[in-house]
Amino acid sequence: MSAVEAGGSAVRATRFHNTERIGFIGTGSIGRPMIAKLLEAGYPVDVYDINPAAAKDVVEKGARWHDIPRDAARDCDIVITCPPLPRDVFDNMMASGARWSECRLTA
């Protein structure tokens, strides 16, 4: 029974086996707490945000900053995107420097 099922407020995370690194694009008000939880759980996290100041808190907690989305996603087993608007999703996926086609794909 999980902590939530037992009526508690804490959520027990299941560790992703064989996950060596997580990439996270978007370190704003929604992404930042998610990244902090991943760091607390012991995952190495690479981050990018269009606004570098938005990542300051998680970088201080141990996330690794990258200047372009492609670099934050490179060599990651999981990539999470959390941009604020649909156009930001498009820009991150298609913009010069994104190059998602160079990312590793696994089943």
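No lab work stands behind these numbers, since they all come straight from the coordinates. Source: prediction; values computed, not measured. Every residue, glycine as well, gets a Cβ built from its backbone with ideal geometry; the counts of neighbours run over all protein chains shown.
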Output the peptides 43-49, 56-62 sorted from most to least packed, where packing is the average of other Cβ atoms within 10 Å over each peptide's residues. 43-49, 56-62
Can you give the FRET efficiency for Asp57 and Arg21, using 1/(1 + (r/R0)^6), R0 = 35 Å, r = Cβ-Cβ distance, to the nearest 0.05? 0.95
